[in-house]
Amino acid sequence: MKRTTFAVLGVILLVPTISKVSAGQEKATAQEVVEKVRQAANTLSQSGKAGLSQFNKKEGPWVWKDTYIFIFDCVKATIVAHPIRPDLIGKDTTGLRGTKGSEFFPKLCQATKTPSGVWVEYWWPKPGEKKGSRKVSYALKAGDTPYIVGAGIYDDKTAIADLEKLTSGAK
């Protein structure tokens, strides 16, 4: 009886831990997003189109905690890399809207004109969900390539002005 009780108790304590880890409950920070986007933009600016495939892998440095790097081409208005939603690769972004109906890729494309990058707010479903949540994404142009590198976090509190303080003066 004691063994059964301990076994059941062990499972009860272990299952929530496993589900938290597998569900990606650890949250990325805005500072991590900035650092990863800058690293990815630097990597892509050196490798160019030939380096895009590394950003489509679900495992590796470009997918961490509860977020990931995505890449798009503002000239062609297409998503060129997305590790979580490969169905979006090659899709025209001009009609892509958040769950509240707003277009957000044109705002992200402002990164082509802003050396420090841009932060954009929109509503997007968390992986595995249908309802949209507030997401803020940071986007930065990848050197002389036609690509914009971005990543975001689900955050219902931090103002865009506060996020911009993390990136002001960045090149």
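Details
- Across the range 51-66, not a single residue is classified as within 22 Å of residue 94 (Cα to Cα), assigned to a strand (DSSP E or B) and in contact with a Lys or Arg (Cβ under 9 Å, 6 or more places away or on another chain).
- Among residues of the range 136-171, those that are part of a helix (DSSP H, G or I) and not aliphatic (A, V, I, L, M), counted: 4
- Residue match in the range 101-110 (condition: free of Cβ contacts under 8 Å to residues at least 24 places away in the same chain, in contact with a Lys or Arg (Cβ under 7 Å, 6 or more places away or on another chain) and either part of a strand (DSSP E or B) or surrounded by 15 or more Cβ atoms within 10 Å (Cβ to Cβ) (or both)): yes
Yes or no, residue by residue, for (1) crowded, with 17+ Cβ neighbours inside 10 Å; (2) farther than 19 Å from residue 107 by Cβ; (3) of a type outside the set (D, E, K, R); (4) at pLDDT below 90:
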residue	(1), (2), (3), (4)
127	no, yes, yes, yes
140	yes, no, yes, no
143	no, yes, yes, no
150	yes, no, yes, no
153	yes, no, yes, no
158	no, no, yes, no
162	no, no, no, no
168	no, no, yes, yes
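- Test: residue in the range 5-28 that is surrounded by 10 or more Cβ atoms within 10 Å (Cβ to Cβ), under 19 Å from residue 84 (Cα atoms) and either touching a helix residue (DSSP H, G or I) at 6+ places or on another chain (Cβ under 6 Å) or modelled with pLDDT of 95 or more (or both): yes
- Being of a type in the set (S, T, N, Q), buried (at least 17 other Cβ atoms within 10 Å of the Cβ) and at pLDDT 95 or above is true of residue 43.
- Restricting attention to the range 53-84, the residues that are free of Cβ contacts under 8 Å to residues at least 60 places away in the same chain and among the aliphatic types (A, V, I, L, M) add up to 5.
- Each residue in the range 65-89 was checked for being of a type outside the set (D, E, K, R), surrounded by fewer than 19 Cβ atoms within 10 Å (Cβ to Cβ) and in contact with an Asp or Glu (Cβ under 7 Å, 6 or more places away or on another chain), and 2 of them qualify.
The values are calculated or read from the model by the stated rules, or taken from the named source; none is laboratory data. In this text the structure is predicted, and so the values were computed from the model without any measurement. Heads up, the Cβs are rebuilt from the backbone with ideal geometry, glycines too, and the neighbour counts pull from every protein chain shown.
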